[in-house]
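A short worksheet on the structure shown next.
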Amino acid sequence: MAYTDAEVRALTPVRATVERLAPQPERRDFFLCHAWDDRAGAAKELHDLLEARRVSVWFSEKDVGLGTPLLSEIDKGLAKSRVGLVLVTPALLQRLKGESIADKELSVLLARDQLVPIVHGTTYEALRDISPLLASRTGLSTAENPMADVATKLAELVAP
């Protein structure tokens, strides 16, 4: 898999953090932050592609059981994940304009060197208008690489 110079610069600090956080049975490789509207579309696609590459993903659609407190489960998922992925879509940009659960997840992820934004169906320029902090983190874009290639690069990021 070929990486651009920007991707290498973006992923190197995350890789260093991943290496410090050794895999453990209860720890997930990734925490997938996404807009509610994307749960059955782009977020599920990314989740499925990652799991097909044998990496573990905390994904609210499968990890939050009926009747369990959502924020409590998200908090546990964040604590037990090696890397945070933020799927930046037009729906997420709308959510970030106000207060949302994704906004809370993002606050936690921005505080650590464990964050990789995945820009899908939008641009970094649009993201910069909504969240300059998140836009300051370079990541991956499905405009440059198909979602399957993005998943492969992410899986390689956490590979031993």
* Hey, any hits in the stretch 121-128 for a residue that's open to solvent by 50 Å² or more (accessible area, probe 1.4 Å), more than 21 Å from Arg15 (Cα to Cα) and touching a Ser or Thr at 6+ places or on another chain (Cβ under 7 Å)? -> yes
* Asked: Pick from Ala143, Ala102: which is among the aliphatic types (A, V, I, L, M), touching a residue at least 24 places away in the same chain (Cβ under 8 Å) and either over 20 Å from Arg39 (Cβ atoms) or loosely packed, with under 15 Cβ neighbours inside 10 Å (or both)?
  -> Ala143
* Asked: Mind checking which residues of the stretch 124-144 are in contact with a Lys or Arg (Cβ under 8 Å, 6 or more places away or on another chain) and either at pLDDT below 95 or part of a helix (DSSP H, G or I) (or both)?
  -> Ile130, Ala135, Thr138
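Give me the residue from the stretch 146-160 that is among the hydrophobic types (A, V, I, L, M, F, W, C) and in a helix (DSSP H, G or I) and, out of that set, most open to solvent (accessible area, probe 1.4 Å).
Ala148
The rows are residues; the columns are (1) over 16 Å from Leu110 (Cβ atoms); (2) open to solvent by 40 Å² or more (accessible area, probe 1.4 Å); (3) touching a Ser or Thr at 6+ places or on another chain (Cβ under 7 Å); (4) part of a helix (DSSP H, G or I).
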residue	(1), (2), (3), (4)
Glu51	yes, yes, no, yes
Lys62	yes, yes, no, yes
Thr68	yes, yes, no, no
Leu71	yes, yes, no, yes
Lys76	yes, yes, no, yes
Val86	no, no, no, no
Ala91	yes, no, no, yes
Arg95	no, yes, no, yes
* To do: List every residue pair whose Cβ atoms sit under 6 Å apart, with the two residues 6 or more apart in sequence or on different chains, where the first one lies in the stretch 34-63 and is of a type in the set (Gly, Ala, Ser) and the second, anywhere, is open to solvent by 80 Å² or more (accessible area, probe 1.4 Å).
  => Ala35/Arg95
* Asked: What number of residues within the stretch 15-33 satisfy the criterion of being assigned to a helix (DSSP H, G or I) and touching a residue at least 40 places away in the same chain (Cβ under 8 Å)?
  -> 4
* Structure fact -> Counting only residues in the stretch 111-120 that are open to solvent by 10 Å² or more (accessible area, probe 1.4 Å) and not basic (Lys, Arg), the one nearest to Val83 (Cα to Cα) is identified as Gln114
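The values are calculated or read from the model by the stated rules, or taken from the named source; none is laboratory data. Source: prediction; values computed, not measured. Glycine also receives a Cβ, built like all others from the backbone with ideal geometry; neighbour counts cover every protein chain displayed. Heads up: the accessible areas ignore ligands, DNA and RNA and are worked out on the full protein's heavy atoms, side chains in. Shrake-Rupley method; radii C 1.70, N 1.55, O 1.52, S 1.80 Å.
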